[in-house]
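Enquirer: Below is the structure I would like to discuss, written out as C-alpha cells.
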Amino acid sequence: MGSVSNQFTSNLQYVTGTFYYMNNIPFKLPDVGFNEVSGYIYFDEEFLVFDVATSLFGEFSEKEQTIKIEPAAIEDIVVKKGMFKDKVCVRPKKVDLLKAMPGNFDDEIKLSVAHKHRLKVEKLIDEFNRRTL
C-alpha cells in the first residue's frame, strides 16, 4: 500500500478523523492486497471530501483518513452506470489526490457505488458543476 504524504498543497488537505455526514455517498475502492478500502464522498462548505477507511480482510479497521480537495482542482466527475454497480470517476487536475488515496490510480479514481445511491451521485455531480462554473 502506498504511503500518504503529510505535505499539503493549496488544493488538498490530509487529516485523520471520524466521519458520517448527511449527504454522503458510500463507495468502495479496489482492494489493496488483503486490505479492503471503503468510504464516503460528499461536499462540505468548501471542499469535496473523501472519508476513507482501510480494513484488513474487511474486519479489522486499520486506518481512517479524510481527504479534502477544492472543486477547482478536479477536472471532471462522471458516472459510468453498470449492471450491478455504478462507477463514479473522479479525474483530478494534479496527481496529489491520486497519491493520497489508498491504492494505485493512473489518472482517475473509480469509486464503486451501489445503484440505490444514483440520485445522490447525480446531485453530487450537479453540485460539482455548479461550483466549478
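The values are calculated or read from the model by the stated rules, or taken from the named source; none is laboratory data. Fair warning: this is a prediction, and the values are worked out from it, not measured in the lab. Don't worry about glycine lacking a Cβ; one is built from the backbone with ideal geometry, like all the others, and counts go over all protein chains shown.
Enquirer: Would you be able to tell me the number of residues in the stretch 1-52 that are at pLDDT below 55, more than 13 Å from ALA100 (Cβ to Cβ) and among the hydroxyl-bearing types (Ser, Thr, Tyr)?
Expert: 4
Enquirer: Still on this model: Going residue by residue through the stretch 57-74, is there one that turns out to be at pLDDT 90 or above, outside any helix (DSSP H, G or I) and more than 29 Å from GLY33 (Cβ to Cβ)?
Expert: If we filter the stretch 57-74 for residues that are at pLDDT 90 or above, which is where we start, we get 65-74.
Filter again for outside any helix (DSSP H, G or I), leaving 65-70, 74.
From what is left, the residues that are more than 29 Å from GLY33 (Cβ to Cβ) are 70.
Yes: the stretch 57-74 contains one or more residues that are at pLDDT 90 or above, outside any helix (DSSP H, G or I) and more than 29 Å from GLY33 (Cβ to Cβ).
Enquirer: Continuing with the same structure: When the residues of the stretch 111-120 are filtered to those that are without any contact (Cβ under 8 Å) to a residue 40 or more places away in the chain and in contact with a Lys or Arg (Cβ under 9 Å, 6 or more places away or on another chain), which remaining residue is surrounded by the fewest Cβ atoms within 10 Å (Cβ to Cβ)?
Expert: HIS115
Enquirer: Being crowded, with 16+ Cβ neighbours inside 10 Å, in a loop (DSSP other than H, G, I, E, B) and either in contact with a Ser or Thr (Cβ under 9 Å, 6 or more places away or on another chain) or on the phi > 0 side of the Ramachandran plot (or both) narrows it down to one of PRO102, PRO26, so name that one.
Expert: Working: PRO26 fails: in a loop (DSSP other than H, G, I, E, B).
It is PRO102.
Enquirer: Could you please tell me which pairs satisfy a Cβ distance under 6 Å, a separation of 6+ or placement on different chains, a first residue in the stretch 68-81 that is more than 12 Å from PRO92 (Cα to Cα), and a second residue that is assigned to a helix (DSSP H, G or I)?
Expert: VAL79/VAL121
Enquirer: Looking for something within 15 Å of the chain's Cα centre (by Cα) and surrounded by 12 or more Cβ atoms within 10 Å (Cβ to Cβ) - is there at least one such residue anywhere in the stretch 55-62? Walk me through it before giving the result.
Expert: To start, the set of residues in the stretch 55-62 that are within 15 Å of the chain's Cα centre (by Cα) comprises none.
No, that holds for no residue.
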